[in-house]
Amino acid sequence: MEKLVLIDTNLYLDDANIIYKLSKNYDKILIPLMVLKELDDKKYHKDLSYSARNAIRALLDFSTNYPDKAIFDAEEHKGGNQDEKILASAKRHNATIATKDISMSIQAKSLGIESVLHDMILNNIFDPYIHVHMNDLHEVSGEDVFEYDNEYSDEEDYQKMLAIFSKLAGKKVDDDYWWFVIINIDTNNPVIYANNPMVPKLVRIDNQQKYRKIKTDGISIKAKDCYQVCAIYALEEAPNTLICGSYGSGKSLLTSAYAITYNNDKKTFISRPNLTVDRRFELGFLPGTLEDKLEPWMAGFMSSLYYIFGNTRGQGADNSVTYDFVKEQIAKKYFDMMPLDSLQGMSFMENDLLLLDEVQLCSTSILSIVLSRFGEGSKLIMTGDVKQTYGVIPPSENGLLKLLRLMPNKNLAYVELKNNYRSKLTEIANELQDRSIT
């Protein structure tokens, strides 16, 4: 008996290529008219139009290239809403429904229809790392002793190294984007090479102090693992940088420390999306001036400054008046906090730096506006974690998720921090964000 699967509209919007992936596990893909109509309607939604058009294109390509695997169901269930019509199609053809809609999954179960519940699809994400074992490196290079040169910038040597690392990675690595080779990651001091597409060249970075430590007017911030070394390199060398990682991975601390050292003559702009888990904390409902309203939003950033310069909260003078030196002096000296809404009409000029935190809370349209604001010589640093959306922005509208699928890019280095250095409670927090756990 043939195995059929009906893919719900929401999965097409999350990942247009879901049809190809699920076709490996099923004999045929059932495509009801109602799903096509829903995708067509989404073409005119301001945040979903790109996803909808990509999904429609993928459906067309799949049905053209694999006509024997696609079944179109033009028959429509009379009455009922869209979900009921999709469920009716699945029941007629005895197909499994793949969806991320819990309600639809329950309805399918009540009707005797098999369903598979998917959460956010974190696939098609570029991996900036190539992990290599020393023995494999020697074998592929054909040398008994690998030289581990500090730099491969000569054209012949550079191309030779690209060929070696392509073979080790099992895919072709190019010279026109940022990527990292980590050799013997299981040791305390792995060897790290970075590809710089702006030159281009391969540079060894694990043995260079400037990529292991950020010196500030406060304490110096040292890289705690090989991924943080890669992050510091990207911050220093790339025109723009995206750093992702879970709670406690060091995103805010590294970027705040770098921003302090970036330009002594100009302030760094710092912002984050205005989405909240509770409407009481939206900017318009908070009391005080704009600076007062923004302060709670920048708590993570301020925590980094307290770590670098010392905790000065609640310091008392002789007259018992409290004074926060870091908040009143340091933060105002180096940074200019601004609401994301104000970016639409401005442009960042040469030597301007914007630090955009919690980028996973940006919709596709908002992130597009942000990226369009930068002129030549300006710089953007983004930090976020695509899993930390707190349920306030759906994957189909998530700008960071779409941006990650557009990686790699020569003008934007992407680094993922893989370790966390906070309390073990962060592991529980990560599990709470995992909606596949029920």
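Under the condition of being among the aromatic types (Phe, Trp, Tyr) and assigned to a helix (DSSP H, G or I), which residue from segment 18-68 is farthest from Ile97 (Cα to Cα)? Among residues in segment 18-68 that are among the aromatic types (Phe, Trp, Tyr) and assigned to a helix (DSSP H, G or I), the one farthest from Ile97 (Cα to Cα) is Tyr50.
Yes or no: segment 207-227 includes at least one residue that is among the small types (Gly, Ala, Ser) and in contact with a Lys or Arg (Cβ under 6 Å, 6 or more places away or on another chain). So that I can check it myself, show each step before the final result.
Initial filter on segment 207-227 (among the small types (Gly, Ala, Ser)): 218, 220, 223.
Okay, now just the ones that are also in contact with a Lys or Arg (Cβ under 6 Å, 6 or more places away or on another chain), so 220, 223.
Checked against the condition, which is being among the small types (Gly, Ala, Ser) and in contact with a Lys or Arg (Cβ under 6 Å, 6 or more places away or on another chain), segment 207-227 yields at least one hit.
Report, by residue number, each residue of segment 64-82 that is modelled with pLDDT under 90, of a type in the set (D, E, K, R) and surrounded by 14 or more Cβ atoms within 10 Å (Cβ to Cβ). Correct list: Glu76 only. Going by what's in this entry, would Val370 be described as farther than 22 Å from Asn411 by Cβ and hydrophobic (A, V, I, L, M, F, W, C)? When the stated conditions are applied, Val370 does not pass them. Of all positions in segment 103-126, none carries a residue that is at pLDDT 95 or above, more than 30 Å from Asp83 (Cα to Cα) and not polar (S, T, N, Q). Of all residues in segment 18-33, exactly one satisfies the criterion of being surrounded by fewer than 21 Cβ atoms within 10 Å (Cβ to Cβ) and either more than 19 Å from Lys3 (Cα to Cα) or in contact with a Ser or Thr (Cβ under 6 Å, 6 or more places away or on another chain) (or both), namely Leu33.
So which residues in segment 2-17 are without any contact (Cβ under 8 Å) to a residue 60 or more places away in the chain and either in a loop (DSSP other than H, G, I, E, B) or farther than 19 Å from Leu87 by Cα (or both), if there are any at all? Passing the criteria: Glu2, Ala16. The residues in segment 206-233 that are of a type in the set (A, V, I, L, M), surrounded by 15 or more Cβ atoms within 10 Å (Cβ to Cβ) and assigned to a loop (DSSP other than H, G, I, E, B) can be counted, and the count is 1. Among the residues of segment 234-250, those that are under 23 Å from Met349 (Cα atoms) and assigned to a loop (DSSP other than H, G, I, E, B) comprise Ala238, Pro239, Asn240. Answer yes or no: is there a residue in segment 172-193 that is touching a residue at least 60 places away in the same chain (Cβ under 8 Å), touching a Lys or Arg at 6+ places or on another chain (Cβ under 7 Å), not in a helix (DSSP H, G or I) and not charged (D, E, K, R). Scanning segment 172-193 turns up at least one residue that is touching a residue at least 60 places away in the same chain (Cβ under 8 Å), touching a Lys or Arg at 6+ places or on another chain (Cβ under 7 Å), not in a helix (DSSP H, G or I) and not charged (D, E, K, R). Output the number of residues of segment 399-419 satisfying the condition of being farther than 18 Å from Ile130 by Cβ and either of a type in the set (Gly, Ala, Ser) or modelled with pLDDT under 90 (or both). Qualifying residue count, segment 399-419: 5.
Taken over segment 337-359, residues that are in contact with a Gly (Cβ under 7 Å, 6 or more places away or on another chain), part of a helix (DSSP H, G or I) and charged (D, E, K, R) amount to 0.
Comparison of Val229, Val203, Val199 shows that the only residue that is modelled with pLDDT under 95 and either within 23 Å of Met134 (Cβ to Cβ) or not assigned by the TED database to the domain that holds Ser304 (or both) is Val199.
The values are calculated or read from the model by the stated rules, or taken from the named source; none is laboratory data. Since this is a predicted model, take the numbers as computed values, not measurements. Glycine also receives a Cβ, built like all others from the backbone with ideal geometry; neighbour counts cover every protein chain displayed.
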